[in-house]
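Asks: Shown below is the structure under consideration.
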Amino acid sequence: MSNILWFEDITMDDVPQVGGKNASLGEMIQNLASEGVRTPSGFATTADAYRYFLRETGLDSFVEKTLAGVSKNDLVDLARRGKKVRDTFYRAKFPDDLTQEIATAYAQMEKRYGKNVDVAVRSSATAEDLPGASFAGQQESYLGIRGEKDVLKAVKWTMASLFTNRAISYRIDKGYGHMKVALSAGVQKMVRSDKGASGVMFTVDTESGFRNVVVVNATWGLGEMIVQGHVIPDEYLVFKNTADTAPNSIIEKKPGIKSKKMIYGGKKLSGIQETKVVPVSPEQQHSFVLSDDEIHLLAKWGMIVEKHYSKLAGKWAPMDMEWAKDGETNELYMVQARPETVQSTRDFTKLKEFEMKSHGAKVISGISVGSNIATGTARVILDLKKIPTFKKGEVLVTSMTDPDWEPIMRMASAIITDRGGRTSHAAIVSRELGVPAIVGTQRATHLIKTGDVVTVDTIGSEGVVYTGAADFAVHEHDITKIPKPHTKIMVNVATPDLAFDHSFLPVAGVGLAREEFIIASHIGVHPLALINYNKLSSALRLEISKKMIGWHDPVTFYRDKLSYGIARIAASFYPNPVIVRFSDFKTNEYSTLLGGSAYEPKESNPMIGWRGASRYYDPAFAPAFELEVQAMKLVRDTMGLDNVIPMIPFCRTLEEADKVLAILAKNGIVPTAYSKPGEKTTPVYMMCEIPSNILLADKFLDRFDGMSIGSNDLTQLTLGLDRDSEIVHEVGNENNDAVKSLIATVIAKALERGKYIGICGQGPSDLPDFAEFLVKCGIESMSLNPDVVVKTIINVARIESESETHAQGGASSEPKEGETYAY
C-alpha cells in the first residue's frame, strides 16, 4: 500500500490510485517537460490512503449507513444526509502514520521551494473498476494553502468533498456505488495567478466541435471567477493548421467583461486560506489579459498535450486544460489537463439542421452553449432554497449556477443565466448534459417571469430567447450517404459566428462571404468615423470607445476586427477556397453604422448608386477601402490563410476595374494581371451582376481571375426591376430568358478562357429548372445559403445523373422549343 506518490513518479497508468486529474499532471511532468510544457510539481495522496483513513476511523460503515436508500429526487433529504457525512469527515482524525507521510512530503516541498510554500490542494476522484469514469467539477479544491497544519486540513476537506450534494447526486445518476469511488488529493506548488492571470484552454471549439482551433480563455487573478460566472473572460482562437508556419495564427481576439478578480484574502476560513473578490483597474478592464506571444505559447502547449494524449488513446483526443500565469515571475504554467468529453464522443458523420419556421418576439440574447432549440415553461430561481420547486422539463432561469445546482440542471429543458461565459459552471455542465443554455444575458431574471413559455435558440454563437413556443423542424442527414456531384456546391456564410457550424456541411468551400456583414455585426462603426476619430464629438468618441475595448488605436481596431472575421470563415473551410467580397453596403446601409450619417449622401435609389467598386477609388472613401485591403492581406500573408480569394462587387466599367486593382496592388495584394515575372500574386475575382460585365466579359476576364454571378442584381438590371419593390417583383426572376441568355453567354466565355465561373444566390435552390439550366451550361460552382445546401446537392446530383443517362441514350441536349438562350 502506498499513501503518497510524487507527480514525477505518476503516469496515466496510475489513474486507479490517483484519479484522472493527478495522473494527468504526472503524465505531463514526465513526458512533456522536455517539449517545454511547464507544470508545477507536487505529490498526491492515493486511493489506498483514502480507504485507509475511512477504514481506520469507521467512516466507511458510517457513510454506507447514512447514504443507504438516498434518492436524487428528494433534494432536501439528500442535502441533509450529505451534510451529516461531511461534518463527520471534518471531525475525524487521520491515522498517525498517514499524517506523518503527508507532513513529510510537504516538508520536502518546503526544502525545494521555501518555508511555508503555498500550494493548491486539488481533488481527483477515481472509481474501482471504472478508470475511465469522469468526476470533473464534482469535488472541491483549495488554493493558496500554507503550512503543514493547513495542508493536512485541506487534504481532509478535499476528501470530504466527495460527499457534496452534487457529487452524491452524480454518482446516483451514473449508478456508481458511493464506496466504489475514492478521492486522491493533489498537493501542487501554487502558481501566483492571484497576482497574474489564469484561464482555461480547449483544443476543440466546444460548441460546434470544429477541431482545428485552440480556444484560450483568460481573466485576471484566480480562475475561479470564470467558473463561478463572475466574469466573462477574454477569448482567443488560434488556428492549428498554420500555427507552425504563419507569423501570427491568432484568428480572433474577443475582449471579455473583467470588472472583478479573485485574489488571496488576509483572513482565513477555518484555517484554510480565504480568497476575496476585488475590483479590476480600468486599465486592466480595457486591456487583453495575454500578449500575442503568450497566446501562441499556450496554444503550442495545447497542441503538444493533445498530440500526446491522442497517441495514448489511439484516436483523436481533444483536451480541456487549465493554465495559470505567475504574477511574480510572469511565467505560464499548465495546471490541469483532462480529455474533453462532449465533442470527442460525437458522431461527425451525422449532420443535424434546425429550421426555424416561426417564433415570437426576441426577449434577450447571450452566449450560446450547444447548438439546439428547446421550448418550455420558465422557472426563475434566485435562491438555492427554492430548488425543490423546479419541475422536470422546465427552463431554468437564474443569475448563475454553481455545483449545488446540478441536480436540477439535469432536469431542465434549457438553462438561461444572467452571468457567465462559455467556460462558466453553467456552460460546462449544460454542455456535458446536452442541455441548451444561454449564459451572460445580464438581465434574463428581470425580463423573464416564472410561468412564461419561452423558446431557447442556441444555434450560432449568440443565443436568443423568444416568447412562446416556436415552430421549428429538425432535419438529420448521414454525410456518408449524400452524393457528390461534379458541379461544386459551396456555401454562403453570412457571419463569422456561424462558420464553425457550417464547416461540417459537405461543401467545396465558401462561394460568398460578405465583408459588410462582418462590419455590421463585429465592428458596428463607420470606417471613416474611425479614421477621423480625433475630429469627432466627445459623445460619439465615447460611444465608439465602448466598442474598442482591447484596442487603443481606432484604425487598428477596424483592421484587426475585419481580419478576424474573415479569418474565422477562412479557417473553418481551410484549405478549400473562401471567396470574400469586399464591402458592398449601399449609402442608406452605411449611414446606419455608428458615425455613418456624417459620411453618407442621401440617394433616392441607393441600389444603383454609390456602391461597390465606385466607392473604392473615390477620394471620399478610398482610405476606408485601403483598410479592407490591408485586412485581407493580413489574413492571407500573416495568418497564412491563403485560401481566401478577394472579390470586387458591382464593377460597372473597365476603367473602374483598373482603378480598384491598382489600389489592391499598392497595398500588397497583387492581382495576376498586374504582376511582374516572379512576383507573388493573389487571384482576384469580380461579381458578374451588371449586363456590362457580360457584354465586355473578355476584357473583364483579362483583368480578373474569375467571376461569380450575382443573379439578383443581374436580374434587376437586365429587366429594369427594383428588386426591393413589392409591386413589380413578380415580373420576372432568374428563369427569364433574357437573364438566362446573359448567364449562358458568360459561363461559356469563362470556360473558354479557363477562368473560374460560379453563382452565389438562392436561384438554384428556389428554382429547380434554373439549377438544371446552370448544370447544362457547365457552371463550375453554385454557392447557396446553408439551409438549402443538402437539398441542392441531392437535386444537382440527380440532374447530372439524368443528363448522363440521356447522353448515353442519345437524347438531344439542345434547348427546348421556345428557349432562346445560347449554350
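Asks: For the condition of a type outside the set (A, V, I, L, M, F, W, C) and surrounded by 24 or more Cβ atoms within 10 Å (Cβ to Cβ), what is the one hit in Thr450, Thr455, Thr423?
Replies: The match here is Thr423.
Asks: I'd like the full set of residues that are open to solvent by less than 70 Å² (accessible area, probe 1.4 Å) and of a type in the set (Lys, Arg), limited to region 91-127.
Replies: Residue satisfying the conditions is Arg122 alone.
Asks: Scanning region 775-804 for residues that are surrounded by fewer than 17 Cβ atoms within 10 Å (Cβ to Cβ) and among the charged types (D, E, K, R), which turns out modelled with the lowest pLDDT?
Replies: Glu804
Asks: Can you name the strands (runs of 3 or more DSSP E) wholly within region 132-230 that have at least 3 residues being among the β-branched types (Val, Ile, Thr) and open to solvent by less than 10 Å² (accessible area, probe 1.4 Å)?
Replies: Qualifying strands (runs of 3 or more DSSP E): 213-220.
Asks: Could you check region 36-47 and list, in sequence order, the residues that are open to solvent by 10 Å² or more (accessible area, probe 1.4 Å) and either of a type in the set (Gly, Ala, Ser) or free of Cβ contacts under 8 Å to residues at least 60 places away in the same chain (or both)?
Replies: Hit for region 36-47 is Gly36, nothing else.
Asks: Give the residue that is modelled with the lowest pLDDT, with candidates limited to residues of region 734-774 that are among the polar types (S, T, N, Q) and in a helix (DSSP H, G or I).
Replies: Step one: filter region 734-774 for residues among the polar types (S, T, N, Q), giving 735-736, 741, 745, 762, 765.
From what's left, in a helix (DSSP H, G or I): 741, 745, 765.
Numbers: Ser741: 96, Thr745: 97, Ser765: 79.
Among those residues, the one meeting the criterion is Ser765.
Asks: I would also like to ask the following. Have a look at Ile482, Ile489 and point out the one that is farther than 20 Å from Ile648 by Cα, modelled with pLDDT of 90 or more, buried (at least 21 other Cβ atoms within 10 Å of the Cβ) and of a type outside the set (Gly, Ala, Ser).
Replies: Ile489
Asks: Right, another one. Can you name the residue in region 61-83 that is of a type outside the set (Lys, Arg) and open to solvent by 50 Å² or more (accessible area, probe 1.4 Å) and is also nearest to the chain's Cα centre (by Cα) among such residues? Break it down into steps so the answer makes sense when it comes.
Replies: Step one: filter region 61-83 for residues of a type outside the set (Lys, Arg), giving 61-64, 66-71, 73-79, 82.
Next, only the ones that are open to solvent by 50 Å² or more (accessible area, probe 1.4 Å) stay: 61-62, 64, 68-69, 73-74, 76.
Details: Ser61: 47, Phe62: 46, Glu64: 43, Ala68: 43, Gly69: 42, Asn73: 34, Asp74: 37, Val76: 38 Å.
Only one residue fits best here, namely Asn73.
Asks: Moving on to the next point. Kindly indicate which of Gly668, Gly640 is in a loop (DSSP other than H, G, I, E, B) and surrounded by fewer than 18 Cβ atoms within 10 Å (Cβ to Cβ). Talk me through it step by step, then tell me what you get.
Replies: On the way: Gly640 fails: surrounded by fewer than 18 Cβ atoms within 10 Å (Cβ to Cβ).
Checking each option against the conditions leaves just Gly668.
Asks: Sticking with this one: Please go through region 516-555 and pick out each residue that is open to solvent by 60 Å² or more (accessible area, probe 1.4 Å) and not in a helix (DSSP H, G or I).
Replies: Within region 516-555, Ser537, His552, Asp553 qualify.
Asks: Being open to solvent by less than 10 Å² (accessible area, probe 1.4 Å) and of a type outside the set (S, T, N, Q) narrows it down to one residue among Ile251, Ile257; which is it? Give the steps one after another, and end with the answer.
Replies: Working: Ile257 fails: open to solvent by less than 10 Å² (accessible area, probe 1.4 Å).
Selected residue: Ile251, the only one of Ile251, Ile257 that is open to solvent by less than 10 Å² (accessible area, probe 1.4 Å) and of a type outside the set (S, T, N, Q).
Asks: Given the condition surrounded by 22 or more Cβ atoms within 10 Å (Cβ to Cβ) and part of a helix (DSSP H, G or I), answer yes or no: does some residue in region 683-692 qualify?
Replies: Looking through region 683-692, none of the residues is surrounded by 22 or more Cβ atoms within 10 Å (Cβ to Cβ) and part of a helix (DSSP H, G or I).
Asks: Same structure again: Within region 336-355, how many residues turn out to be part of a strand (DSSP E or B) and buried (at least 16 other Cβ atoms within 10 Å of the Cβ)?
Replies: 6
Asks: So, of the residues in region 371-400 that are open to solvent by 20 Å² or more (accessible area, probe 1.4 Å), small (Gly, Ala, Ser) and under 24 Å from the mean Cα position of the chain (by Cα), which turns out to be nearest to Lys72 (Cα to Cα)?
Replies: Ser399
Asks: Here is a follow-up. Condition first: without any contact (Cβ under 8 Å) to a residue 12 or more places away in the chain and not in a helix (DSSP H, G or I). Can you find one or more residues in region 391-412 that meet it? Step through it out loud before you land on a result.
Replies: Keep residues of region 391-412 that are without any contact (Cβ under 8 Å) to a residue 12 or more places away in the chain, which gives none.
Within region 391-412, none of the residues are without any contact (Cβ under 8 Å) to a residue 12 or more places away in the chain and not in a helix (DSSP H, G or I).
Asks: Now for a separate question. What residue, of Val204, Val231, is over 29 Å from Lys546 (Cβ atoms) and either among the aromatic types (Phe, Trp, Tyr) or within 18 Å of the chain's Cα centre (by Cα) (or both)?
Replies: Val204
Asks: Output yes when any residue across region 25-35 is modelled with pLDDT of 95 or more, charged (D, E, K, R) and open to solvent by less than 60 Å² (accessible area, probe 1.4 Å), and no when none is.
Replies: yes
Asks: Suppose we filter Val85, Val70 for residues that are closer than 18 Å to Tyr170 by Cβ and modelled with pLDDT of 95 or more; which single one remains? Break it down stepwise before answering.
Replies: Details: Val70 fails: modelled with pLDDT of 95 or more.
Of the residues listed, the single one that is closer than 18 Å to Tyr170 by Cβ and modelled with pLDDT of 95 or more is Val85.
For (1) assigned to a loop (DSSP other than H, G, I, E, B); (2) surrounded by fewer than 23 Cβ atoms within 10 Å (Cβ to Cβ); (3) in contact (Cβ under 8 Å) with a residue 40 or more places away in the chain, each residue gets a yes or a no:
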| residue | (1), (2), (3) |
| --- | --- |
| Val660 | no, no, yes |
| Ile663 | no, yes, yes |
| Lys680 | yes, yes, no |
| Asp698 | no, yes, yes |
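Asks: Would you mind listing the strands (runs of 3 or more DSSP E) fully within region 457-496 where at least 2 residues are under 16 Å from the mean Cα position of the chain (by Cα)?
Replies: Hits in region 457-496: 462-467.
Asks: Pairs needed: first member in region 459-485, within 23 Å of Gly366 (Cβ to Cβ); second member anywhere, of a type in the set (Lys, Arg) and assigned to a strand (DSSP E or B); C-beta distance under 9 Å; at least 6 residues apart or different chains.
Replies: Val464/Lys362; Val465/Lys362; Tyr466/Lys362; Thr467/Lys362; Ala470/Lys357; Asp471/Lys357; Phe472/Lys357; Val474/Lys352
Asks: State all residues of region 291-326 that are in a loop (DSSP other than H, G, I, E, B) and open to solvent by less than 30 Å² (accessible area, probe 1.4 Å); if no residue qualifies, say none.
Replies: Ala317, Pro318, Asp326
The values are calculated or read from the model by the stated rules, or taken from the named source; none is laboratory data. On a predicted model such as this, the values are computed, not experimentally measured, just so you know. FYI the Cβ positions are ideal-geometry reconstructions off the backbone, even for glycines, and counts take in every protein chain you see. Heads up: the accessible areas ignore ligands, DNA and RNA and are worked out on the full protein's heavy atoms, side chains in. Shrake-Rupley method; radii C 1.70, N 1.55, O 1.52, S 1.80 Å.
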